[in-house]
Amino acid sequence: MKQGRATQRSWWRTIQWFFFTLGSIGFVATVLAGLLLYREITASLPPMDSLLEYRAPMSTQIFAADGTLVGEFYYEKRQLVPLDKIPAVVRNAFIAAEDDQFYQHPGVDLFGIARALWNNLSGKGRLQGGSTITQQVVKQILLTPQKSYERKIKEILLAVRLERQLSKDQILYLYLNHIYLGSGAYGVAAAAEEYFGKSVTELSLAEAALLAGLPQAPSRYSPFRHWQRAKARQQYVLERMVRVGMVSPAEAILAAREPLALVPKRGNYRHAPYYVEHVRRLLQRRYGEQGLYQLGLRVYTALDLRLQTLAEEALQKGLRDLQARQKYSPALRQLDREEQQRFLAQQQEQLAKNPLQPGRSYEALVTARRPHTEVRIGDLRGKVIEPSQLPVRAGDVIRVRLHSLPGQGEEESGLRFVLDTDSLLQGAAVVMDPTSGDVRALVGGTNFFDSQFNRATQARRQPGSAFKPFVYAAAFDDRFTPASVVLDTPIALPSGNGVWAPQNYDHQFFGPTTLRDALAFSRNVPTVRLAQAIGIQRLVTFARSLGVSSPLVPNLSLALGAAEVTPLELVSAYSAFANQGIRAEPRFITQITGADGSVLESVEPRTSAVLAAETAYLVTNVLQDVITRGTGRRAAAIGRPAAGKTGTTNDMNDAWFIGYVPQLLAGFWVGFDSKRSLGPGETGGRVAAPIWLDFMQAALAGEPVLDFPVPKGVRFVPIDRRSGRRTAATSPGVFIECFRAGTEPTFAEGTDATAQPAAAIVSDGAEY
């Protein structure tokens, strides 16, 4: 019996020893495994220096001259704000919502982690991370957002290390400037601007609580998309703030009841999108794409938002008036029944090789007009959704872009198209300060979001007669005067295709004509003769000196505006006339600072004397006649000294008016991208001059009436307007003409009434 008990105890000790040994081995193995795992994990941890030296990408902001934010470009929309500039109510809201023990724990909250682990293992509710604010900073900057236990361990280890390196306030600064809060906004400053259109320093308790509810799930609680969820989350934050003693229950109740005004989502282009996009291109050339989208530049421009709005409104009104007169159709051509069948068959062959693609432009056959404009491309059918009604007929061919493929429940033929903007009437405007070159407004088209092509800076169009002042300026800079006489008679000149016989707009000829009248009434033949007299190469050189950089073919058609230039080029060239011979380079950007406020660039006005002041005045004086009695007389109602020039090209494809007063210069262009005719009689004087007038009257309201200063080297003498000869001041038909000193005509010897001409009549020789 005793032996059996001894044996039993021996077996029991053996079992105890076995399990003790096994447990010891297991413990040692676990410790070793833990040490190996710790070593492996810590070996793969990113260095803490990368966090301490981290420079977050910041958005570049573009401001108008009055400081209004007009554009913003970024990979991550973020503006860094010092912690002491972030109100306590904002800091407290985030701490209460995300980590109310932030200032007590060493970087991790073990109780919170245990609670989250139990929740995740038990499958109760949504997956939780139990992350402190410190852990969230580590995760955002050093780790990936992937959810795994290995990543969580790394997060804990790095959080503890970070707490040893930085103070709590430094960690909170990183958090509040880096946390993603939805709608592309990173950090509380960007979120305050994005959601409420205000600075973070202006946030109320209600607004701060709404933002503090977003980090957990920015898209799920987005106030733009899910208002009720966002409000419920705001309520949760307010309750947390009450629980930890940051606000009183009464304050929380008032905040919950406070009405919140969200601002509409505005994207990158807040105002003046063509202007902002041009500035963006300039910045990208200087700083590269990474610099533009990450350096946090502050870019200050010459943009005047009032003038920008007035230019846009004047242009839109002018285009509406023109559309009402001409009732333009976007139809490219009309097809009969047989032509329609061939057209559709050819398209079907093309579609078999290249299926329709969204965004691409296609010719389409109109099949019906009501209730929508219905079209066919090959065998495919669809409708034009923008605009829904077009002035077209069945059988017309129009150009459209594929907007979208059929959605659920739609027939396969239910394609959606939008009208190609190339078919629509377009316009452009450039407004400058002629003394500094500051571009105060820029309009590149009717709708930036339909077409980003900037017709003010990128489109080269023939200026027509708007180029003529360069011819006359070159002549006045030589031996000619406004009283010089040129023959307005038929002329034939050899050209590469035979003979070129330029005509005046009205197909009439007026015989001997002063240069003043030739320019004021924009007569072509006298202008060609004048260009022939001064030399075409001289004209090219002269235009280049005024800043025209587009290709200029050296032939006589250049004098009539046959070369193509951008509106910005043309308007800036006129600045020399408006500014007493001193040309101002167009200036968009006035200053660029870094994110820390340091000045990176200060862009001073760039001017150069390209004309004698006397020559510039002679041109301006004659261009005043364009408005008072010439082709631009529709602008005469401006009621103050003003100078300008109309421009019209062959077949009325382009209509221009470039005009100025001493303190402001503006140019408008109207046409189609496809260079189709604006219609009979739609000249620069009829189309563009009224637009310029509407703009200038509004822009100059309340501004002092200034006259153009007269240089010391200008003389005024009485002449006969028709002959250009000097006459007595009391003679019939007398006109007081201006001259550069030394070029004015003198009385013939022995008489006080008959004068010598101001310059010899330009011959009508056909040589070239």
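Compute the distance in nm between two label points, each set 7 Å from the Cα along the Cα-to-Cβ direction, one at Ala352 and one at Ser219.
With each label point 7 Å from Cα toward Cβ, the separation is 4.3 nm.
With a 1.4 Å probe and all protein chains left in place, how much accessible area per residue does region 428-579 have, in Å²?
Values: 4570 Å² over 152 residues.
Heavy-atom accessible area per residue stands at 30 Å².
Leaving out ligands, DNA and RNA, and with a 1.4 Å probe, what % of the accessible surface on region 605-704 is carbon or sulfur? The partial results should precede the final answer.
Working: 1440 of 3090 Å².
Here it works out to 47 percent.
For region 178-248, just say rounded, prolate or oblate: build the C-alpha gyration tensor, square-root its eigenvalues into a ≥ b ≥ c, call rounded for a/c under 1.5, and beyond that prolate if a/b exceeds b/c, oblate if not.
It comes out oblate by the Cα gyration axes.
Take the eigenvalues of the Cα gyration tensor for region 320-367, scale each by 5, and report the square roots as semi-axes in whole Å, largest first.
On the way: eigenvalues 156, 55, 6 Å².
The three semi-axes for region 320-367 are 28, 17, 5 Å.
For the pairs Lys85/Lys198; Lys77/Lys265; Lys168/Lys231; Lys317/Lys383, note any where the Cα-Cα span goes beyond 18 Å.
Details: Lys85/Lys198 14 Å; Lys77/Lys265 13 Å; Lys168/Lys231 30 Å; Lys317/Lys383 29 Å.
From Lys85/Lys198; Lys77/Lys265; Lys168/Lys231; Lys317/Lys383, over 18 Å: Lys168/Lys231; Lys317/Lys383.
How do the peptides 485-498, 210-223 rank, highest first, by the average count of neighbouring beta carbon atoms within 10 Å per residue?
Values: 485-498: 15.3, 210-223: 21.0.
Averaged packing, sorted descending, gives the order 210-223, 485-498.
Which whole-number value in Å³ per residue fits the convex hull of the alpha carbons of region 508-615? Before the final figure, lay out the partial values.
Values: hull volume 14.0 nm³, N = 108.
In region 508-615, the Cα hull volume divided by residue count equals 129 Å³.
Sorting check: for 572-579, 499-506, 433-440, which peptide has the highest mean count of neighbouring beta carbons within 10 Å, and how do the rest follow?
On the way: 572-579: 27.5, 499-506: 13.6, 433-440: 22.1.
So the order, starting with the most tightly packed, is 572-579, 433-440, 499-506.
Can you sort Lys712, Lys168 by solvent-accessible area, 1.4 Å probe, largest first? Mind showing how you got there, number by number?
On the way: Lys712 190, Lys168 35 Å².
Accessible-area ranking of Lys712, Lys168, largest first: Lys712, Lys168.
Can you give the log10 of the normalised intensity I(q)/I(0) at q = 0.15, 0.24, 0.25 Å⁻¹, computed with Debye over equal Cα scatterers of region 449-499?
Values returned for q = 0.15, 0.24, 0.25 Å⁻¹ are -0.75, -1.04, -1.06.
The values are calculated or read from the model by the stated rules, or taken from the named source; none is laboratory data. Quick caveat: nothing in here was measured; it's all calculated off a predicted structure. FYI the Cβ positions are ideal-geometry reconstructions off the backbone, even for glycines, and counts take in every protein chain you see. We work out accessible area using only protein heavy atoms, side chains counted, and drop any ligands, DNA or RNA first. Shrake-Rupley method; radii C 1.70, N 1.55, O 1.52, S 1.80 Å.
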